[in-house]
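> Handing you this structure, nothing more for now.
The values are calculated or read from the model by the stated rules, or taken from the named source; none is laboratory data. Please read all numbers here as calculations on a predicted model, not as lab measurements. Every residue, glycine among them, receives a Cβ derived from its backbone with ideal geometry; neighbour counts consider all protein chains shown. Areas reflect the complete protein model, heavy atoms only, side chains present, ligands, DNA and RNA absent. Shrake-Rupley method; radii C 1.70, N 1.55, O 1.52, S 1.80 Å.
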Amino acid sequence: MRQFLILITLCLLIGISHTTHSLAQNTSIGIKAAPLWTNISNQTSGESMIGLRFGGFLTHSISTEFGVGGELNFARKGGINGANQAVKLDYLEVPILAHYFFGEGGFRPKIIAGPYFGYLLQAKRDGKVMETYAQEDYGIMLGLGFHQRLGNKRWLYADLRYGHGLAEILPNSDQSNREISLNIGVSFPLNLPN
């Protein structure tokens, strides 16, 4: 599955490279933040907890309907385990997402989908640092959202995402990250010299 996600990511990046002649006009950068409702799958009597995500992004519009974006985020995931212990997993996370936009004008609904990859920065269980958690996380993200024009090529955006982890966060445990997030951000045009 990991090789499949890497293949999808490479295909999305190749799509961007074939349209570099219009990079400055069709690329935007931005910042975003999100609360996460996160849990760990396949736990006995585990519960969700509130986490967070914040970071930056770069999106390239290949056409008026389709774009590809990459993000660099800090993400706190985890959950409450069966022993009522808070498990907090801090990741450096890189989603690569395809964006499909509907309509034209100042309000643009969208669908997003793509893989994400994460590197574990720190794992804590009830405040104690744990070394047993896997260093990498990966999975898929799916979502619905919109862009609202704020001005000349400036956009406010919001999306509701579901993140489905595919990597085991503990070796031989069949446990992985799950999340629902509400992402809000602002984007600005990227003006590169000719």
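> Can you give me the number of residues within segment 160-188 that are open to solvent by 80 Å² or more (accessible area, probe 1.4 Å), in a strand (DSSP E or B) and at pLDDT below 95?
1
> While we're on this one: Select from segment 140-175 the residues that are in contact (Cβ under 8 Å) with a residue 40 or more places away in the chain and within 14 Å of Lys77 (Cβ to Cβ) and list them in ascending order.
Residues satisfying the conditions are Met141, Arg161, Gly163, Gly165, Leu166, Ala167, Ile169, Gln175.
> Do we find that Tyr116 is at pLDDT 95 or above, closer than 19 Å to Ile50 by Cβ, in a strand (DSSP E or B) and not small (Gly, Ala, Ser) in this structure?
Taking the combined requirement at face value, the residue does not satisfy it.
> Further question on the same structure: Considering each residue of segment 32-59, count those that are open to solvent by 40 Å² or more (accessible area, probe 1.4 Å), in a strand (DSSP E or B) and more than 30 Å from Pro189 (Cβ to Cβ), and give that number.
Counting residues in segment 32-59 that are open to solvent by 40 Å² or more (accessible area, probe 1.4 Å), in a strand (DSSP E or B) and more than 30 Å from Pro189 (Cβ to Cβ) gives 4.
> For segment 125-153, give me the residue count where each residue is open to solvent by less than 70 Å² (accessible area, probe 1.4 Å), at pLDDT 90 or above and under 23 Å from Ala86 (Cβ atoms).
Number of matching residues: 6.
> From Glu104, Glu93, Glu71, which residue is exposed (fewer than 14 other Cβ atoms within 10 Å of the Cβ) and either modelled with pLDDT of 95 or more or under 23 Å from Asn26 (Cβ atoms) (or both)?
Within the list Glu104, Glu93, Glu71, the selection yields Glu104.
> Can you tell me which condition Arg76 does not meet? The list is (1) among the basic types (Lys, Arg); (2) under 16 Å from Tyr157 (Cα atoms); (3) within 13 Å of the chain's Cα centre (by Cα), and all the others hold.
If we test Arg76 against (1) among the basic types (Lys, Arg); (2) under 16 Å from Tyr157 (Cα atoms); (3) within 13 Å of the chain's Cα centre (by Cα), just (2) comes out false.
> Has segment 133-155 got any residue that is within 18 Å of the chain's Cα centre (by Cα), closer than 19 Å to Ile50 by Cβ, assigned to a strand (DSSP E or B) and hydroxyl-bearing (Ser, Thr, Tyr)?
For segment 133-155, residues within 18 Å of the chain's Cα centre (by Cα), closer than 19 Å to Ile50 by Cβ, assigned to a strand (DSSP E or B) and hydroxyl-bearing (Ser, Thr, Tyr): absent.
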